[in-house]
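Data first, discussion second: the structure below is written as structure tokens.
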Amino acid sequence: MKKLKFSKDKVKTFGRKVKSFLEKHCVVYFKKYPLLFYFVVTVLFNTLLLRIITVGNFLYLKPLFADLGMLFIFSAFMFLFKNDRRRKKYLVVMSFVTAIICVIHSVYYTYYDSFASISLLATSTFVVDVGDAVVDQVLRFTDLLYLWQPIFMLSCYFMDKKKKKSEKSFENNSDTKRTLIKNKKHAFIDMLVMGLVILVCTSIFMTKTEWSRFGKLWNRESVVSSFGIFTYQINDICQSLEPKINNLFGFDKALKKVIDYYDEKNEETTSNKYTGIFEGMNVIVIHAESLQTIALESSFNGVEVAPTFKKLASEGIYFSNYYSQVGVGTSSDAEFTFSTSLMPSSNGTVFVNYFDREYQTIQKSFEDKGYYTFSMHGNTGDFWNRATMHKNMGYEKFYSKSSFDIDETIGLGISDKSFFKQAVPMLQDIINEKNQPFYGTLITLTNHTPWNDLELMDEYDTTWTVEIDGEQIVRDYISGTTIGDYFKSVHYMDQAMEQFLSDLDKTGILDNTVVVIYGDHDARISSKYYDLLYNYDPYTDEIKESGDEGYIDYNEYEYKLDKNVPFIIWTKNKKITKEITVPTGMIDAYPILSNLFGLEENEFQLGHDILGNGSTDNTVVFTDGSYVTSKIYYNGQNSEIYSVDGSAVDEEYIRKNSEYADELIDISNDIITYDLIKEIKEKE
Ligand code: GP9
Ligand code: MN
């Protein structure tokens, strides 16, 4: 009993000491500067708001304390300013800075489902170019909510200015003066130490996985969810600068890791029934902007959304369970992964931040076989830094915007119909100049968000007619919605494709050409619109609810799986007609095509020849560490597992696949960051 009383006393004394310590080293500053108190509390509220709006977590204490710690550190710097007025101004400026950070992340999250990175500053010009898409599809009222805070701080600042007189008399009091002088000396250190202590205490509660994600920074949502926005931001700045100074650190370790990986992998590649089947034929690769598989599976009033793509899929090799693996570099990442069989960079965008590295590419492999390689795109050469990067990847010529007559504009630029129409004589010229066989990539443009130039496209009827009480009722339920507009736009792209193939056929080019089509990435349509596809009831003109007959419980994983894109390899003579349902990724395209065309195998490829090797399962990895197999979808953000085929998997299956996913991302990042292909080739 005595002992308990003793320890109670001790706790009380300790509590008193902490209280007086806090009074002396922290509360005193808040009392002296109410603006400082408002700053900490209101910015902290904004960070909470950001997490609620983006990742939807608000019950977590860890990011809250991490942000609080960072705010103390930011606040400490105000004491480096000479006088009160400047210190207060500093708080107002910091309010604007933090609010703008929140707005940027909020907008970015809507578009990319991730948090922005400073390494993308170089890509910010593209945001201007796709500005319409951002305003139409992305900018929401909630993204601007954060601005209340700097406005509030500014008002407090001006109100405070009015009180200047009385403040002066307060400062003239000799006792206060002494306190202020003491504060001036210690305030900076006090606030800094307080911030660091909060951060250290918070970090003790972080799990191993959280630390690993913090270090790798692939999974930005998860890092913000645990460490808060400011710690993420500082980490991101450091890691974005890393490539610049990286060649000084960690190079040897990465080189050894990558060499060991390829030595161990040592995959036996034997020829199979598909090897060299298309050897010597021309290749036209269609990079189909935002083309999702779901568009090939949908129809309205008996008319398919994408009849041409659908026909090509049924007449050729069709990967119906194919996924894009892009990161923040979207279109350019799709081109990169398709061409190199490497994952995109987790830190920035290869086309923009790592364009000066050496890559082993499919273009170079075709060139080694005597092919002429080129690309065509109706946008400017500097978009996604393509002019530079296409050259680096091995395209001998890039026909960009200046090579085309921009006679019809839809959305981002030249319409697909005009683009394809002009491409045909260009292809004929290429052949006439004896540049055969050729490997050419044609990048489409029209099907880019926001799909709001529909009046320039042929009408595509997306209504649904039902008979109610003997009367024909037409439900125009999907027009004007994002997904409805998307389908109309895909229908246009499909018509453009149909016309292109027919024009090509007239020239005879198709007789000796393999047409390869891939959707570059999903169309980023919010999951709420998918309810119109799955749960719309034309009889009631309403969306079905749980319990209603025929209601489909469309969950976040079905939505993720619906983001798959088509990959089609087609020839006019329908040489191979086959559907591959094994999960396949953009990373597998190069090995598959390499085998079909009898190319030299790329020793740095990380993908697999899913067609030739007869795989029954495959792991498609996404840039955040999530992956999909024929059995599960693993969510890298929260380690949740979704069963794709209804069967159960054991721990070992998950462990192995997760390790594989981590390694794939690591190896790709090391190769890209440290320019290891160049290094290894030089050593050979
Ligand atoms: C434009 C295009 C669009 O040239 O490729 O890029 P995205 O916004 O889809 O990354
Ligand atoms: Mn794209």
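With +1 on the Cβ of every Lys and Arg and -1 on the Cβ of every Asp and Glu, and nothing else charged, how large is the dipole of the chain about its Cα centre, in debye rounded to the nearest 20? Please list the in-between numbers first.
On the way: 72 positive and 93 negative charges, 1433 e Å.
For the chain, the charge dipole is close to 6880 debye.
Between K578 and F152, what is the spin-label point distance in nm, taking each point 7 Å from the Cα along the Cα→C-beta axis?
About 6.3 nm, to one decimal.
So which chymotrypsin sites (Phe, Trp or Tyr not before Pro) in the stretch 521-572 are both in a DSSP loop and have at most 11 other Cβ atoms within 10 Å of their Cβ?
Details: sites: Y529, Y530, Y534, Y536, Y539, Y551, Y554, Y557, Y559, F567, W570; in loops: Y539, Y551, Y554.
Answer by residue number: Y539.
For the chain, which whole percent of the accessible surface, found with a 1.4 angstrom probe, sits on carbon and sulfur atoms?
Values: 17430 of 31210 Å².
Of all accessible area on the chain, carbon and sulfur atoms account for 56 percent.
What FRET efficiency do you get for W464 and I204 if R0 is 60 Å and r is their Cβ-Cβ distance, rounded to the nearest 0.05? Walk me through the numbers on the way to the answer.
Details: r = 57 Å, r/R0 = 0.96.
E between W464 and I204, to the nearest 0.05, is 0.55.
Filter the GluC sites (Glu not before Pro) in the stretch 527-559 to those in DSSP coil with at most 14 other Cβ atoms within 10 Å of their Cβ, and list the result.
For GluC sites (Glu not before Pro) across the stretch 527-559 that sit outside H, G, I, E and B with at most 14 neighbouring Cβ atoms in 10 Å, the list reads E545, E549.
Given the Cα-Cα distance of K434 and D260 and 0.36 nm per residue of separation, how much length would full extension add, in nm? Can you show the working numbers first?
On the way: separation 174, 0.36 × 174 = 62.64 nm, distance 4.34 nm.
Taking 0.36 nm per residue and subtracting the Cα distance, the gain is 58.3 nm.
Lysine pairs in the stretch 557-684 with alpha-carbon atoms under 23 Å apart, 8 or more places apart or on different chains: how many are there?
Numbers: K560/K631; K560/K656; K563/K578; K563/K631; K578/K631; K631/K656.
Close lysine pairs under the 23 Å cut-off: 6.
Can you give the calculated 222 nm mean residue ellipticity of the chain, where each DSSP H run of n ≥ 4 adds -39,500 (n - 2.57) and the sum is split over every residue, rounded to the nearest 500 deg cm²/dmol? Display every interim value, and only then the final one.
Values: 25 runs with 339 residues, N = 684.
For the chain, the value works out to -16000 deg cm²/dmol.
Tell me, what is the per residue accessible area of the chain in Å², probe radius 1.4 Å?
Details: 31210 Å² over 684 residues.
That works out to 46 Å² per residue.
Suppose the Debye formula is applied to equal point scatterers at every Cα of the chain; what is log10 I(q)/I(0) at q = 0.08, 0.09 Å⁻¹?
-0.71, -0.86
For the chain, what does the relative contact order come out to in percent, with C-alpha contacts under 8 Å and a separation of six or more?
Computed over the chain, the figure is 18 percent.
Using per-residue counts of other Cβ atoms within 10 Å, averaged over each peptide, order 494-506, 75-87 from highest down.
Numbers: 494-506: 18.5, 75-87: 15.9.
Most protected by this proxy first, the peptides run 494-506, 75-87.
Quote to one decimal, in nm, the extra length available between S403 and S647 on full extension: 0.36 nm per residue of separation minus the C-alpha distance between them. Kindly include the intermediate steps, with their values, before the conclusion.
Numbers: separation 244, 0.36 × 244 = 87.84 nm, distance 5.30 nm.
Taking S403 through S647 to full extension adds about 82.5 nm, to one decimal.
Distance from the Cα centre of the stretch 355-403 to that of the stretch 1-71, in angstrom?
Measuring centre to centre over Cα atoms gives 55 Å.
Work out which helices of the chain, taken as complete DSSP H runs, extend at least 18 Å along their axis over the Cα atoms and score a mean Kyte-Doolittle of -0.5 or more, then list them.
34-53, 62-76, 84-112, 148-162, 174-204, 220-246, 416-432
Can you give the net charge of the other residues whose Cβ lies under 11 Å from the Cβ of S225, counting K and R as +1 and D and E as -1? It would help to have the intermediate numbers written out before the result.
Numbers: positive: R51, K62, R213, R220; negative: E210, E221.
So the surrounding residues net to +2.
Give me the net charge of R386's neighbourhood, meaning all other residues with Cβ under 11 Å from the Cβ of R386; Lys, Arg count +1, Asp, Glu -1.
Numbers: positive: K391, K401; negative: E335, D382.
Value of the local net charge: 0.
Compare the peptides 12-19, 452-459, 89-96 by average per-residue count of other Cβ atoms within 10 angstrom and give them in order, highest first. Could the numbers behind the result be given before it?
Details: 12-19: 10.1, 452-459: 13.5, 89-96: 18.4.
Result, highest mean Cβ count within 10 Å first: 89-96, 452-459, 12-19.
How many nm is it between the label spots at K528 and V474, if each spot is 7 Å from the Cα in line with the beta carbon?
The modelled label-to-label distance comes out at 2.8 nm.
Using a cut-off of 20 Å between alpha-carbon atoms, which lysines can reach K8, once sequence neighbours fewer than 8 places away in the same chain are excluded?
K17, K19
The values are calculated or read from the model by the stated rules, or taken from the named source; none is laboratory data. Values in this document were obtained by computation on a predicted structure and should not be read as measured data. When we count neighbours, we look across all protein chains shown, and the Cβ atoms used for this are built from the backbone with ideal geometry, even at glycine. We work out accessible area using only protein heavy atoms, side chains counted, and drop any ligands, DNA or RNA first. Shrake-Rupley method; radii C 1.70, N 1.55, O 1.52, S 1.80 Å.
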